[in-house]
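Trainee: Structure in structure tokens, see below.
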Amino acid sequence: MHTLLLSPPFFPSFPFFCADVSTDSKMGYCRLTFDAAGDLEEVVALFRPFEKDPPMTGVAGVTLTRMPSPPTASSLRHLIGLSEALFNGVVERVREGDVDDILNYLSMPWANALYHDRFRDFLGALLDALKGHSDFVAGAESLAMDAVKLGEAVDGLKEETRDMIESNVMRFLRVNENSLGMYIAPNSENANSLAGVIV
């Protein structure tokens, strides 16, 4: 069994956290701790020895599929400091029983962008660009005070701000499609004219 504990010394510690979820499965034990701001503060992973070929999963009468390989320690390190909103509802899904294996969940194709080496730079640049949008700034202040999920705050954004976010996400996916080809990013006439975000 391999053990991994990731807890960044460069992020402030909070005396309480927003959420703490864990699962124990065939891949191993994994606990995610999100701080009071909703950012991933700590990952604890205990990996079970893994066969060369991942085990087959499925239900009687349904085609069996290979389980993905568990994320590596170095890939999990990329997740520290990211907002819970970027984890596709992992806290709620674990608590409701929809996710019974966090390591498997983080190995699925939807999460690949989180591990990308340019993703954090993209997020920083996008947040800087959003500072010029008063509706986002007001929403961000209420997020910090109420610890509301980022996804719920998007409804209050102006259409112009939502379009800017969507355009830049699509641009990030198109520019990085060699390593993020599992995402569908339709081409658009203005794909090269989007400004304000470095990818």
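The values are calculated or read from the model by the stated rules, or taken from the named source; none is laboratory data. The structure displayed is predicted, hence computed values, not measured ones. Positions of Cβ are backbone-derived with ideal geometry, glycine not excepted, and every protein chain shown enters the neighbour counts. Just the protein is used for accessible areas: all its heavy atoms, side chains included, with ligands, DNA and RNA removed. Shrake-Rupley method; radii C 1.70, N 1.55, O 1.52, S 1.80 Å.
Trainee: Residue pairs, Cβ under 8 Å, 6 or more apart or interchain, first in segment 159-170 and part of a helix (DSSP H, G or I), second charged (D, E, K, R). List them.
Mentor: So the pair list comes out as Thr161/Asp135.
Trainee: Further question: Looking at segment 87-106 only, could you name the residues that are assigned to a helix (DSSP H, G or I) and within 11 Å of the chain's Cα centre (by Cα)?
Mentor: Phe87, Val90, Tyr105
Trainee: Pull out all pairs, ordered by first then second residue, where Cβ-Cβ is under 6 Å, the residues are six or more apart or on different chains, the first lies in segment 112-130 and is in contact (Cβ under 8 Å) with a residue 40 or more places away in the chain, and the second is open to solvent by less than 50 Å² (accessible area, probe 1.4 Å) and of a type in the set (Gly, Ala, Ser).
Mentor: Listed pairs, sorted by first residue: Tyr115/Ser75; Phe119/Ala113.
Trainee: Can Arg31 be described as at pLDDT 85 or above, of a type in the set (D, E, K, R) and either assigned to a helix (DSSP H, G or I) or touching a Leu at 6+ places or on another chain (Cβ under 6 Å) (or both)? Before you say what the answer is, go through the steps one by one.
Mentor: Numbers: at pLDDT 85 or above: yes; of a type in the set (D, E, K, R): yes; either assigned to a helix (DSSP H, G or I) or touching a Leu at 6+ places or on another chain (Cβ under 6 Å) (or both): no.
When the stated conditions are applied, Arg31 does not pass them.
Trainee: Taking the options Glu42, Glu84, Glu96, name whichever one is crowded, with 16+ Cβ neighbours inside 10 Å and at pLDDT 90 or above.
Mentor: Among Glu42, Glu84, Glu96, only Glu42 is crowded, with 16+ Cβ neighbours inside 10 Å and at pLDDT 90 or above.
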